[in-house]
Amino acid sequence: MSLEFIIAQSLIFIMPLLIVALAGLYSEKSGTVNIGLEGMMVMGAFAGVLFINRMQGAGRFANTPQLLLIFGLLVAAAVGLLLSILLAFLAIKMKADQTIGGTAINLLAVALVIFLSKALVGDTRVPFTPVFEFKSSFLSGIPFLNYILFDKAYLTTYIVFAILLLTVFIFRSTKFGLRLSACGEHPQAAQSAGINVIRYRWIGVLISGFLAGMGGLIYVIPSSASFDGTVSGYGFLALGVLIFGQWKPVKILWAAIFFGFFKTLSVIFFGISFIASLTNMFPNFPFAMIFRMLPFLATMVVLAITSKKSRAPKAAGIPFDPLST
């Protein structure tokens, strides 16, 4: 198994983790904990895949699959944003418990997707034709890089990196980023300084939903030819990436790479000669089950080790009442 294959496969799992963790970052930086990332991913993935399914069925964008993918991402992001309005209403307007609100969104999304899939497609799976790889030989003179960046690459990889760079710029160099962070750290002080905390919290949650919905489709496109109503716990893994990344965009990138590698290992382990030999030696040992558990086990171990040093935004999860300032 070649190194370029492992890297290309890792990117498939790293990118959705990264963008959904960044989605959680915007929400928590503003002071609202978004436990509903999983549900927003599910709804976004469903809407994006359904749009692609309908367009491919009608013969649209047959010669421009990358344009179809862009429109699909926008549809997925819009649906994620719509679902985030519900979370914002519950958490900010009604001052409901944010953990319960996010959990309710996760439950609602899965049930709603199954219902809509059967109603609109007649099945619990929504199929699509996977035609979104670049399949380009742009860097044919450098086969290693060409394989990773063009032959087996997806446009979504470049979109996620662009969002990461934009996020770094926003939180380091813009008034908006500083004010958003202030709303999650010291909302009373921010309100006293003339910042509309409620407005910024709404914006943070809406951006979170937009990115999470997009992340759902980014997860499905490279890894499947249909959507069956699940994103395999990626919303919860992304929360682990966010915490391990200490709510800082660059550290979140490294955390996504770490967890993405374990997810890749859980998929390609049979192709590793050493593991293949072990499975032949011990055919009754549940290697497959153990390797599929690896990403979640790694999450638990890392969070247990680093939890004491974790420092979330101070006011994250705490409802804000502007009348009390």
Selection count, the range 180-239, where residues are within 21 Å of Met94 (Cα to Cα) and polar (S, T, N, Q): 4
Run Ala58 past the list (1) of a type in the set (A, V, I, L, M); (2) exposed (fewer than 15 other Cβ atoms within 10 Å of the Cβ); (3) touching a residue at least 12 places away in the same chain (Cβ under 8 Å) and report the number of the one that doesn't hold. (3)
Does any residue of the range 298-315 turn out to be over 21 Å from the mean Cα position of the chain (by Cα), modelled with pLDDT of 80 or more and surrounded by 15 or more Cβ atoms within 10 Å (Cβ to Cβ)? yes
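Quick grid of which residues meet (1) among the β-branched types (Val, Ile, Thr); (2) over 27 Å from Leu107 (Cα atoms):
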{"site": "Val220", "(1), (2)": "yes, no"}
{"site": "Phe259", "(1), (2)": "no, no"}
{"site": "Ser266", "(1), (2)": "no, no"}
{"site": "Pro283", "(1), (2)": "no, yes"}
{"site": "Ala288", "(1), (2)": "no, yes"}
{"site": "Thr306", "(1), (2)": "yes, yes"}
In the range 193-228, which residues are surrounded by fewer than 22 Cβ atoms within 10 Å (Cβ to Cβ) and assigned to a helix (DSSP H, G or I)? Ile198, Arg199, Trp202, Ile203, Leu206, Pro222, Ser223
Considering only helices (runs of 4 or more DSSP H) wholly within the range 1-106, the ones with at least 3 residues that are more than 30 Å from Thr129 (Cβ to Cβ) are 3-30, 65-88
Check off (1) within 21 Å of Ile14 (Cβ to Cβ); (2) modelled with pLDDT of 90 or more for Gly229 and give me the number that stays unchecked. (1)
Of Leu180, Leu139, the only residue that is surrounded by fewer than 16 Cβ atoms within 10 Å (Cβ to Cβ), in contact with a helix residue (DSSP H, G or I) (Cβ under 7 Å, 6 or more places away or on another chain) and not polar (S, T, N, Q) is Leu139
Restricting attention to the range 152-183, the residues that are of a type outside the set (Gly, Ala, Ser) and without any contact (Cβ under 8 Å) to a residue 60 or more places away in the chain number exactly 12
Subset of the range 258-275 that is among the small types (Gly, Ala, Ser) and exposed (fewer than 14 other Cβ atoms within 10 Å of the Cβ) - its residue that is modelled with the highest pLDDT: Ser273
Consider only pairs whose beta carbons are under 9 Å apart and that are at least six residues apart or on different chains; among these, list those whose first residue lies in the range 108-127 and is touching a residue at least 40 places away in the same chain (Cβ under 8 Å) and whose second residue is part of a helix (DSSP H, G or I) and among the hydroxyl-bearing types (Ser, Thr, Tyr). Thr124/Ser117; Arg125/Ser117; Val126/Ser117
Have a look at Leu83, Leu68 and point out the one that is under 20 Å from Ile207 (Cα atoms), hydrophobic (A, V, I, L, M, F, W, C) and at pLDDT 95 or above. Leu83
If you check every pair at least six apart or on different chains, which have Cβ atoms under 8 Å apart with a residue in the range 72-89 that is touching a residue at least 60 places away in the same chain (Cβ under 8 Å) first and a residue that is among the basic types (Lys, Arg) second? Ala88/Arg201
Filter the range 248-257 down to the residues that are surrounded by 20 or more Cβ atoms within 10 Å (Cβ to Cβ) and either without any contact (Cβ under 8 Å) to a residue 60 or more places away in the chain or of a type outside the set (A, V, I, L, M) (or both) and list them by number. Pro249
Residues that are out of contact with any Ser or Thr (no Cβ under 6 Å at 6 or more places or on another chain), crowded, with 21+ Cβ neighbours inside 10 Å, modelled with pLDDT of 95 or more and more than 22 Å from Ser30 (Cβ to Cβ): does the range 93-113 have at least one? yes
State all residues of the range 189-208 that are over 10 Å from Ser27 (Cα atoms), touching a helix residue (DSSP H, G or I) at 6+ places or on another chain (Cβ under 8 Å) and in contact (Cβ under 8 Å) with a residue 24 or more places away in the chain; if no residue qualifies, say none. Gln191, Val197, Ile198
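The values are calculated or read from the model by the stated rules, or taken from the named source; none is laboratory data. Computed from a predicted structure; not experimentally measured. Note: ideal-geometry Cβ built from the backbone for every residue, glycine included; neighbour counts use all protein chains shown.
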